[in-house]
Amino acid sequence: MQIGIVTLFPQMVRAALDVGVCGRALNRGIATVSTTDPRDHATDVHRTVDDRPFGGGPGMVLKYEPLARAIAAARSNVPEGGRTIFLSPQGRRFDQAIANELSRLPGFVLVAGRYEGFDERLHEALADEELSVGDFVLSGGEVAALAVVDAVLRLLPGALGDETSAAQDSFGDGLLDCPHYTRPEVVAGRMVPAVLVGGDHAAIARWRRKQALGRTWLRRPDLLAGRDWKQGEKALLEEYLAEHNLTDNGGRNFDGTGCAHEREPGPILK
Ligand code: SAM
């Protein structure tokens with residue numbers, strides 16, 4: 001996979017991609033990430049890439065020509081079928097499903113903005129899509145680009161030490177991950193759940209599934225709405241809710257919908 005990042009701060013993204021899972025994936029040649037600095041595509045002696053906004057107001061706007069040339073240069077390294085993605089707080093919200101989607105592409109170019117953002121005509125002419133990493137405003141698109149690249153790289157075969165690891169992470173199977181523990185068995189008066197040290201692998205797998213279902217129900221019920229439930233999952237969740245005295249929790253439905261004020265409190269599992 002060939003990834004390009006158009007950024008005014010290439011040193012920032014290179015440093016972050018040098019370490020950990022990303023660094024290993026890039027060292028192994030599983031993907032390549034190249035950076036393109038729009039200043040290298042400016043034509044004046046000051047290497048100008050921004051200008052004052054038409055109509056006045058604060059801040060500077062990234063100019064069309066140097067950015068367009070930088071994006072074209074970055075695109076020339078990405079195979080046919082790649083995409084040009086602008087990072088923007090106004091874009092589609094990035095999530096694991098989009099990371100999966102991007103991991104199947106031959107490559108893509110991420111365009112990181114700064115200042116007030118891009119001349120709107122860049123979006124119109126050159127963006128295949130816009131991605132946001134959340135409903136907040138960053139000073140620049142570099143951190144957002146790094147989030148996207150990291151989430152995608154770790155999905156590529158060979159990037160993680162254990163191939164099953166990404167599937168077991170949160171969102172891998174539409175659920176949040178189960179809790180994890182390591183030695184010592186007792187710390188600060190808190191014990192590891194007995195099942196995890198019992199050596200019964202089937203019981204451990206069952207416990208982890210139950211925790212993942214329960215946590216998702218508690219923390220992100222929206223993920224359960226419309227879930228394609230696997231055999232035994234509803235019973236496991238029912239068990240979790242009973243163990244945590246949650247069967248009378250405001251009458252919320254099994255799929256996380258329906259609050260007490262919307263319907264009569266009653267059994268959660270129907
Ligand atoms: N004026 C823009 C707005 O309000 O929509 C925000 C510009 S922001 C200060 C500068 C750049 O940071 C943006 O062009 C974009 O590339 C990046 N950025 C900021 N917040 C982001 C977010 N939530 N997701 C992705 N990129 C973001």
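Values quoted throughout were computed directly from the atomic coordinates according to the rules given, and no laboratory measurement underlies them. Remember, predicted model here, so these are calculated numbers, not experimental data. A quick note on method: Cβ atoms are made from the backbone with ideal geometry, for glycine too, and the neighbour counts reach across all protein chains shown.
Between Asp173 and Met60, what FRET efficiency comes out of the Förster formula 1/(1 + (r/R0)^6) with R0 = 41 Å and r the beta carbon distance, rounded to 0.05?
Numbers: r = 45 Å, r/R0 = 1.09.
It comes to 0.40.
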Computed label-point distance, nm, for sites His201 and Asn245 using a 7 Å Cα→Cβ extension: 3.8 nm
Gyration tensor verdict on the range 52-117 (Cα atoms; rounded if a/c is under 1.5, prolate if a/b is larger than b/c, oblate otherwise): oblate
Principal-axis tilt of helix 64-75 within the chain, Cα atoms, nearest 10 degrees: 60 degrees
Dipole axis of the chain (+1 Lys, Arg; -1 Asp, Glu on Cβ), positive-most option in Thr32, Ile5, Gly198: Gly198
Dipole magnitude of the chain about its Cα centre (Cβ charges: Lys, Arg +1; Asp, Glu -1), debye to nearest 20: 520 debye
Share antiparallel - DSSP beta bridges, the chain, percent rounded to 5: 20 percent
Zone of Arg28's modelled label, taken as backbone nitrogen in the range 143-172 under 16 Å from a point 7 Å along Cα→Cβ: 150-168
Point-to-point label distance, Thr164-Gln96, nm (Cα→Cβ direction, 7 Å offset): 1.6 nm
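Rounded to the nearest 20 debye, what is the charge dipole size of the range 1-85 about its Cα centre when +1 sits on each Lys and Arg Cβ and -1 on each Asp and Glu Cβ?
Values: 10 positive and 8 negative charges, 47 e Å.
Here the range 1-85 has a charge dipole of around 220 debye.
Let's see if you can work this out: charge +1 on each Lys and Arg Cβ, -1 on each Asp and Glu Cβ, no other charges. What is the dipole magnitude of the range 66-122 about its Cα centre, in debye to the nearest 20? If you can, show how the numbers build up before the last one.
Details: 8 positive and 6 negative charges, 16 e Å.
That gives a dipole near 80 debye.
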Global size of the chain as Cα Rg and Dmax, reported in angstrom: 23.5, 72
For the chain, with +1 on Lys and Arg beta carbons and -1 on Asp and Glu, the positive-most of Ala235, Val152, Gly56 along the dipole: Ala235
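By per-residue mean of other Cβ atoms within 10 Å, what is the highest-first order of 94-101, 71-78? Spell out each step's value before the answer.
Details: 94-101: 15.1, 71-78: 18.2.
So the peptides 94-101, 71-78, ranked by packing, come out 71-78, 94-101.
Evaluate the relative contact order of the range 81-199 (contact order divided by residue number), counting alpha-carbon pairs under 8 angstrom at least 6 apart; express in whole percent.
Normalised by residue count, the contact order of the range 81-199 is 28 percent.
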Pairs of alpha carbons in the range 81-215 whose separation is greater than 19 Å (percent): 62 percent
Gained length - His46 relative to Val19, 0.36 nm times residue gap less alpha-carbon distance: 6.4 nm
Residue-averaged 222 nm ellipticity for the chain, from DSSP H runs of 4+ at -39500 (n - 2.57), nearest 500: -9500 deg cm²/dmol
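How many percent of DSSP beta bridges within the range 2-153 run antiparallel, rounded to 5? Please report the intermediate quantities before stating the final value.
Numbers: 3 of 23 bridges.
Of those bridges, close to 15 percent are antiparallel.
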